[in-house]
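Here's the structure we're looking at; comments come further down.
The values are calculated or read from the model by the stated rules, or taken from the named source; none is laboratory data. On a predicted model such as this, the values are computed, not experimentally measured, just so you know. When we count neighbours, we look across all protein chains shown, and the Cβ atoms used for this are built from the backbone with ideal geometry, even at glycine. Accessible surface areas use protein heavy atoms only, side chains included; no ligands, DNA or RNA. Shrake-Rupley method; radii C 1.70, N 1.55, O 1.52, S 1.80 Å.
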Amino acid sequence: MFVRVVNIDCKVGMENQLRELGRNVLVPVNKDAGCVSVYFLEPNIENNNPLFGVVSVWNEKETMDAMTSSEKYGALLRDLRPLVNSVIDKLYLTE
């Protein structure tokens, strides 16, 4: 199985827009593409640093690659771009 971990550094003041996009677009795009599970991680209310995250689990890398090259995912990235400072995307392998 493959675990994709994405860290999203949100621009200050854009947290609500990112939260909305994450919950209503990002999670469904992953689920519709066939991931085993997906988690949209939001900063703790006590945390002043607006770091969000996404963890998705995939049975096959090819399925994940098909999602990341899809038009839906491309549209999501275009919508995400004005809301974030940076995105760090890592892929891990697990048994």
| task | Apply 1/(1 + (r/R0)^6) to the Cβ-Cβ distance of T94 and D65, taking R0 = 22 Å, and write down the FRET efficiency to the nearest 0.05. | result | 0.80
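Considering only DSSP beta bridges whose two residues both sit in the chain, what percent are antiparallel, to the nearest 5?
Of all bridge pairs located within the chain, approximately 100 percent are antiparallel.
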| request: Taking the chain as the reference, fit the longest principal axis to its C-alpha atoms, fit the long axis of helix 71-80 to the helix C-alpha atoms, and give the angle between the two in degrees, 0 to 90, nearest 10. | output: 20 degrees
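With contacts defined as alpha carbon pairs under 8 Å and 6 or more residues apart, what's the relative contact order of the chain in percent? Let's see the in-between values first.
Numbers: 153 pairs, mean separation 47.2, N = 95.
RCO, the chain: 50 percent.
On average, how much accessible surface per residue is there in the chain, in Å², for a 1.4 Å probe, leaving out ligands, DNA and RNA?
Values: 5940 Å² over 95 residues.
Ligands and nucleic acids excluded, the result is 63 Å² per residue.
Suppose R0 equals 22 Å; then what is the FRET efficiency for R78 and E46 from their Cβ-Cβ distance, rounded to the nearest 0.05? If you can, show how the numbers build up before the last one.
Numbers: r = 32 Å, r/R0 = 1.45.
The pair R78/E46 has a calculated efficiency of 0.10.
Out of the total accessible area of the chain (probe 1.4 Å, heavy atoms of protein only), what percent is carbon and sulfur? If you can, show how the numbers build up before the last one.
Values: 3070 of 5940 Å².
Carbon and sulfur together cover 52 percent of it.
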